[in-house]
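The values are calculated or read from the model by the stated rules, or taken from the named source; none is laboratory data. Computed from a predicted structure; not experimentally measured. We place every Cβ from the backbone using ideal geometry, glycine too, and count neighbours over all the protein chains shown. The protein model used for the area step is the full one, side chains on, heavy atoms only, and it has no ligands, DNA or RNA in it. Shrake-Rupley method; radii C 1.70, N 1.55, O 1.52, S 1.80 Å.
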Amino acid sequence: MKKCIRLLEKTQIILGFAFLTVFFLVIMLQIVTRYMGISVIWTEEVANYSFIWAIFMGASVMVNRREHFSFDLLLRKLKDKSRLILCFVNDFLLIIFNSVIFLLGMQVVVEFWNYTWATIPEMKMGYVWLAVPIMSGSMVVYSIAHLVNHIHSWKAKEVLQ
């Protein structure tokens, strides 16, 4: 399971990096063309949507690495089983929340799939909205993996006592 988690995380990092690169290059193109007096209308839309994908992929990876901003005062005060219970509850709540986001995200993808971009009519909005269920689905997978680790830690602590 750890191998699959690492592969998923690496894939999301690569996707996030690729979309950030697209974002940067398109913004640079926009700057250069505006300086030259040429208006390239599709750059704003491509920059916005690539940035959305990059952020959502990065947010998911941060859930796996537990590197999001957090208030950890209570977590630092608790010891052993109390701390493990709090982590377990947090991950369980994340699973519930992200499952709801996944289901709602899928509804949005289906609803807006055939809508097209304003500047590039060949592109469908469904591809943009697909970032939501991918992000939330991977967050569920990461949180389940954390939950399993908490259960293993709990069992290990019981064996040691």
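What the table shows:
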item: Added length on full extension, which subtracts the Cα-Cα distance from 0.36 nm per residue, K155 to V32; result: 38.3 nm
item: Mean Cα-pair separation over length for the chain, i.e. relative contact order, pairs under 8 Å, 6 or more apart, %; result: 26
item: Helical mean residue ellipticity (222 nm; -39500 (n - 2.57) per DSSP H run of 4+; nearest 500) of the chain; result: -28500 deg cm²/dmol
item: Rounded percent of accessible protein surface that carbon and sulfur make up, the chain, 1.4 Å probe; result: 71
item: Amide hydrogen neighbours beyond the local backbone of T116, cut-off 5 Å, H modeled; result: M125
item: Per residue, in Å², the accessible surface of the chain once ligands and nucleic acids are set aside, probe 1.4 Å; result: 68
item: Under 21 Å between alpha carbons - lysine pairs in the chain that sit 8 or more apart or on different chains; result: 7
item: Added length on full extension, which subtracts the Cα-Cα distance from 0.36 nm per residue, V40 to L103; result: 19.1 nm
item: Label-point separation, N114 to H68 (7 Å along Cα→Cβ), nm; result: 3.5
item: Packing-based ranking, highest mean first, of 120-132, 3-15, 47-59, 68-80 given that Cβ atoms within 10 Å are counted; result: 47-59, 120-132, 3-15, 68-80
